[in-house]
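Structure first, then comments.
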Amino acid sequence: MDVLVTPTPKLQGELQALSSKNYTTRYLLVAALAEGTSTIYYPAHSEDSDAMRRCIRDLGAVIEEDDEKITITGFGRNPKDVKELDVGNAGAVLRFLMAIAALAPDVTFINRYPESLGKRPHDDLIDALGQIGVDVTHNDGKLPITIRGGAAKGGKIQVSGNVSSQFLSALLFLTPLLEDDSEIEVLHDLKSKVVVGQTLEVLTQAGIVIEASDDLMHYKVAGRQKYEAKKYVVQGDYPGSAAVLAAAAVTQSDVTLHRLEENSKQGERAIIDVLRMMEVPLTHEIGIVRVQGNGKLKAVEFDGDKATDAVLAMVAAAVFAEGTSRFYDVENLRYKECDRITDYLNELRKAGANVEERQSEIIVHGRPEGVEGGVEINAHYDHRVIMALTVVGLRAKQPLRIRDAHHVAKSYPIFFDHLKALGANVEWIE
């Protein structure tokens, strides 16, 4: 389904931030890897987290859920023998479970999204798993992928970190369960170090001990560890909230979001700092962010690798800023659900934005007077692109029609409901 975004001068109201997708998927996984019953309060509901639920259930976890919490009785280091797993379009879920499949005899990850996840490369993780005795059959590094496990013993592992940190996180979930101790060395660069910090935080909460170097490039992992059954509370989600906050920043607004911890380890918490740098009037106290936007923004420069999943929303706000903004060290955006540099900027240009791309940079020449709009644009099946383009549509002079906007459900199924609650003029079109 498409969405028609009609220019909306004013947003007002209060929202509870969605629960964090990243933390939910990690808590679901460590609960499944525990022996015993864990409880997760306020888990996120999105296509990604639902894919993790579905797959760990297929692997043998027993799951019960009500409106407040989910209880999971895990399978420990002994997943059920399943022939196929369907992760949908969830790249992190695929990569985490490719590693966990090393504990099972023979699992094939199927390809239901050939135009999105089906195009994404996983060679770095495939190579790393091969180093510890895991046999992987694949399609030039892409789905479908078959893992023949059961023989992984641990040892010295090298993994590249310059495409995605998810490959490293996958190994960090697996190696504590192996018979032998492991040493992991990250080669080249490590993208999204903040997200690795989230993985390490969750592993520590689950009772796993890992020695990590200060630069997060070297790890020592003792084998034969056990995940502990625990209680977890999922915090509010900054990546999804970034788009709502950007929408408030570019309009006349008085918008309040609850459940956004000031000291969160989510890198996308930087959306608050970036909006302040843009001179957007806001406060952030006791987990509550209030934006009183006046539509006036200043240009910024920002290292996007620190907040990967908020960059597109930041760029959307910068479209209307006075001056030229620069978002650098963002090359890993090219390896997401789509090429979030080339594809996204092409659509921004259609809407009337003045943007340039480099291999690892996005340059935005702001247009405080607004952009023309009045076109149909393609979101490339990417939830972050959909949300960011919606922000632009709110400030355009004419409506924007965003194709296939239902893919926002990958991370934020009620995004448009939330915007409507704030007064945004958005409507679904068959």
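Checking region 169-189 against the condition returns a match, with at least one residue being in the same structural domain as ALA101 (by TED's automatic domain parsing), surrounded by 23 or more Cβ atoms within 10 Å (Cβ to Cβ), within 20 Å of the chain's Cα centre (by Cα) and not aliphatic (A, V, I, L, M). Remark: pairs (first residue in region 128-144, in the same structural domain as ALA101 (by TED's automatic domain parsing) and under 15 Å from VAL159 (Cα atoms); second residue aliphatic (A, V, I, L, M) and loosely packed, with under 15 Cβ neighbours inside 10 Å; Cβ separation under 9 Å; 6+ apart in sequence or on different chains) = ILE132/ALA151; GLY133/ALA151; VAL134/ALA151. For VAL274, the criteria (1) on the phi > 0 side of the Ramachandran plot; (2) free of Cβ contacts under 8 Å to residues at least 60 places away in the same chain hold in every case but one, which is (1).
When the residues of region 402-416 are filtered to those that are over 17 Å from the mean Cα position of the chain (by Cα) and of a type in the set (D, E, K, R), the one that is surrounded by the most Cβ atoms within 10 Å (Cβ to Cβ) is ARG403.
Comparison of THR146, THR137, THR204 shows that the only residue that is among the polar types (S, T, N, Q), within 26 Å of GLU228 (Cα to Cα) and modelled with pLDDT of 95 or more is THR204.
Residues are listed down the side, and each one gets a yes or a no for (1) more than 25 Å from LEU18 (Cα to Cα); (2) touching a strand residue (DSSP E or B) at 6+ places or on another chain (Cβ under 8 Å); (3) charged (D, E, K, R); (4) surrounded by 16 or more Cβ atoms within 10 Å (Cβ to Cβ):
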position	(1), (2), (3), (4)
GLY60	yes, no, no, yes
LEU129	yes, yes, no, yes
LYS142	yes, no, yes, yes
ALA151	yes, yes, no, no
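When region 282-321 is filtered for residues that are in contact with a Gly (Cβ under 7 Å, 6 or more places away or on another chain) and outside any helix (DSSP H, G or I), the ones remaining, listed by number, are LYS298, ALA299, VAL319, PHE320, ALA321. Contact annotation: residue pairs with Cβ atoms under 7 Å, 6 or more positions apart or on different chains, pairing a residue in region 365-383 that is under 29 Å from ASP48 (Cβ atoms) with a partner that is assigned to a loop (DSSP other than H, G, I, E, B) and small (Gly, Ala, Ser), are TYR381/SER116; HIS383/SER411. Just one of the listed residues (ASP254, ASP273) is among the acidic types (Asp, Glu), closer than 30 Å to TYR41 by Cα, at pLDDT 95 or above and surrounded by 16 or more Cβ atoms within 10 Å (Cβ to Cβ), namely ASP254. Beta carbons closer than 8 Å, at least 6 apart along the sequence or on distinct chains, pair a first residue in region 94-118 that is within 19 Å of LEU168 (Cα to Cα) and of a type in the set (D, E, K, R) with a second that is at pLDDT 95 or above and outside any helix (DSSP H, G or I) for ARG95/HIS122. Just checking, does region 4-21 include any residue being among the aliphatic types (A, V, I, L, M), more than 14 Å from the chain's Cα centre (by Cα) and buried (at least 24 other Cβ atoms within 10 Å of the Cβ)? Yes, region 4-21 has at least one match.
Taken over region 277-320, the criterion of being within 16 Å of TYR238 (Cα to Cα), free of Cβ contacts under 8 Å to residues at least 60 places away in the same chain and not acidic (Asp, Glu) is satisfied by LEU282, THR283, HIS284, ILE286, GLY287, ILE288, VAL289, ARG290, VAL291, GLY304, VAL311.
Scanning region 269-286 for residues that are out of contact with any strand residue (DSSP E or B) (no Cβ under 7 Å at 6 or more places or on another chain) and farther than 21 Å from LEU18 by Cβ returns a single hit, MET277.
If you go through region 207-233 and pick out every residue that is hydrophobic (A, V, I, L, M, F, W, C), under 21 Å from the mean Cα position of the chain (by Cα) and surrounded by 17 or more Cβ atoms within 10 Å (Cβ to Cβ), you end up with 1.
I need the full set of residues from region 335-358 which are at pLDDT below 95 and either touching a helix residue (DSSP H, G or I) at 6+ places or on another chain (Cβ under 6 Å) or part of a helix (DSSP H, G or I) (or both), in order please. Hit for region 335-358 is TYR335, nothing else. If you filter region 259-315 down to residues that are among the β-branched types (Val, Ile, Thr) and closer than 26 Å to LEU333 by Cα, you find that the one that is farthest from the chain's Cα centre (by Cα) is VAL280.
Within the option set ARG57, ARG77, being in a helix (DSSP H, G or I) and either of a type in the set (A, V, I, L, M, F, W, C) or at negative phi (or both) holds for one residue only, ARG57.
The values are calculated or read from the model by the stated rules, or taken from the named source; none is laboratory data. In this text, all values refer to a predicted model and were calculated from it rather than measured experimentally. Every residue, glycine among them, receives a Cβ derived from its backbone with ideal geometry; neighbour counts consider all protein chains shown.
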